[in-house]
Amino acid sequence: MSNKKRAKAGKITTIKLLEETKLRLEKLREHKRESYDDILRKILYVLNVAREEPERAKRILEKISDIRTRMLEEERKQLIDKKKELQRD
């Protein structure tokens with residue numbers, strides 16, 4: 001569900017996070033536009049799964065890690081391509 005749809009479905013609030021907490025949340029981001037709400041919901045989902053099916057929760061976390069690794073690799077490639085393009089100009 002998009003943030004816009006969520007806004008219509010319920011109230012939006014602001015929470016304070018330590019910078020360290022924010023950085024840790026960002027390490028769970030699977031794509032650039034994933035909101036903190038999405039990340040927190042994902043964490044809560046994994047915690048609920050872990051109660052009943054710890055191995056399944058572990059697989060979910062491994063999948064998140066794999067997706068994140070691919071995302072970071074793609075960002076690095078894009079950065080390298082931009083640097084090469086700037087050097088040509």
Only Lys, Arg, Asp and Glu count, each charged at its Cβ (+1, +1, -1, -1), so figure out the dipole size of the chain about its Cα centre, rounded to 20 debye.
360 debye
Pop a pseudo-label 7 angstrom from the Cα along the beta-carbon direction at both LYS16 and GLU73 and give the gap in nm to one decimal.
4.1 nm
Could you pull out every one of the aspartates and glutamates with an alpha carbon less than 18 Å from that of LYS63, ignoring same-chain neighbours closer than 8 positions?
GLU26, GLU30, GLU34, ASP38, GLU53, GLU55, GLU73, GLU74
Expressed to one decimal in nm², the mean projection of the alpha carbon convex hull of the chain is 8.4 nm²
Run the numbers for ASN48 and ARG33: contour at 0.36 nm per residue of separation, minus the present Cα-Cα distance, in nm.
3.0 nm
Listing TYR36, TYR45 by rising number of other beta-carbon atoms within 10 angstrom, fewest first, gives TYR45, TYR36
Relative contact order for the chain, counting Cα pairs under 8 Å that sit 6 or more residues apart, in percent
25 percent
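Readers should treat all values here as calculations from the given coordinates under stated rules, not as data from a laboratory. Everything numeric here is computed off the predicted structure, so don't read it as measured data. Reconstructed Cβ throughout: ideal geometry from the backbone, glycine too, with neighbour counts over all protein chains shown.
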